[in-house]
Amino acid sequence: MRKFSWMLLVLLVLVGCGDEPVLVEKGVKAKNITWDKDEAEMVLIPAGSFQMGAAKNEPEEWMQPPAKPVHTVELDAFYMDVHEVTVGQFRDMFVRQSGYKYSGNWDKVAKYSPGDEYPMVEVTWHEATAYAKWAGKRLPTEAEWEYAARGGLVGKRYPRGDEITHDDANWGNTVNGKDKWKYCSPVGSFEANGYGLYDMAGNVIEWCQDWSAEDYYASSPATNPPGPDTGSYRVLRGGGWLDIANPLRVATRDNSPPNNRLHSFGFRCVSGSDNP
């Protein structure tokens, strides 16, 4: 009987990285999981709907492509990496274990992200996609990224409210407040948003799955929009360490050719399943 009780206790309670235990029973998904392939912590982003786009009549001249019209999007639940993919995960796990031929410059990576716990930079969309495929995951859609970045807040400019300072994120290519890094900061150096995601504003600009199109918001599906079928540019979101505050807004859209690499380009992954 005692043996059964201990087994039951183990089955019912999974202690994660946070302070609260997560109940694991039939039909209940764990909020946080560890993905086997790359050992990334992932968090469950609940299904729901939100208003996608710039809802505060923001000036459009710096939004390219535009973040209008505001439209309702409904999404299924998914898991997202709590942190941006790190140099250690990309180099020591993906490249060395898989034999993938990274065509970037590791010296540049070391300059802007000088350690295993820093985000991977100098990475193209194709390289980010290759990593995600190796890990058994994928890049987030643009809609998934914005929904997750909002962290459950409604109509706010940034992941944690309407204002952002250097105590909230790494941006502006300057050392100020809690932002003690001229270039990239170690992942998770600032407070998480409402979903427990770190660095959804600043640090590195994150590749998304979608092709980019200026008029897509006007005709995108209302449920799980996948992005345009074709294009020349891929979507990037979140702003990076060298950006001013405006590109860090959750609704701000950016794009680049998929074979482009930059010292502030990085990524994180998602999965529709909790099964690594």
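We did not get these values from a lab; they are worked out from the coordinates using the rules stated. The model shown is predicted, which means the values in this text are computed figures rather than measured ones. Every residue, glycine as well, gets a Cβ built from its backbone with ideal geometry; the counts of neighbours run over all protein chains shown.
Just a few scattered comments:
- Crossing angle, helix 125-135 versus the chain [Cα axis fit, 0-90 degrees, rounded to tens]: 0
- The order of T34, T230, T141, going from fewest to most other C-beta atoms within 10 Å of their C-beta, is T230, T34, T141.
- Rounded is the label for the stretch 31-271, because the ratio a/c of its alpha-carbon gyration tensor axes (a ≥ b ≥ c) stays below 1.5.
- To the nearest ten degrees, helix 2-12 and the longest principal axis of the Cα atoms of the chain are 10 degrees apart.
- Calculated [θ] (222 nm, deg cm²/dmol) that DSSP helices of n ≥ 4 give over the chain, each run adding -39,500 (n - 2.57): -4000 deg cm²/dmol
- Take each peptide in 94-102, 113-121, count the other Cβ atoms within 10 Å of every residue, and average; sorted highest first, the result is 113-121, 94-102.
- Distance in nm between pseudo-label sites at W134 and S49 (7 Å out along the Cβ direction from Cα): 4.0
- The length gained on full extension between K108 and N246, counted as 0.36 nm times the residue separation minus their Cα-Cα distance, comes to 47.1 nm.
- Per-residue HN-Hα couplings for the stretch 237-242 [Karplus 6.51, -1.76, 1.60; θ = phi - 60°; Hz; x = Gly/Pro]: 9, x, x, x, 5, 9
- Amide proton proximity set for C184, modelled H, under 5 Å, gap of 5+: none
- Shape call, the stretch 125-196: gyration tensor on alpha carbons, a/c limit 1.5: oblate
- Comparing A218, A149, A77 in a Gaussian network model of the chain (Cα springs below 10 Å), the most mobile by mean-square fluctuation is A218.
- When the stretch 84-215 is described by a simple charge dipole with +1 on each Lys and Arg Cβ and -1 on each Asp and Glu Cβ, the residue from Y195, H166, W125 located farthest towards its positive end is W125.
- For the stretch 74-117, the residues whose backbone nitrogen is under 11 Å from a point 7 Å from the Cα of T223, taken along Cα to Cβ, are 74-76.
- Charged-residue dipole, Cβ positions (Lys, Arg, Asp, Glu), the chain about Cα centre, Debye nearest 20: 560
- Amide hydrogen proximity for I45: with H placed 1.01 Å from N in the peptide plane, the residues at 5 or more positions away or on another chain lying under 5 Å are F78, Y79, M80.
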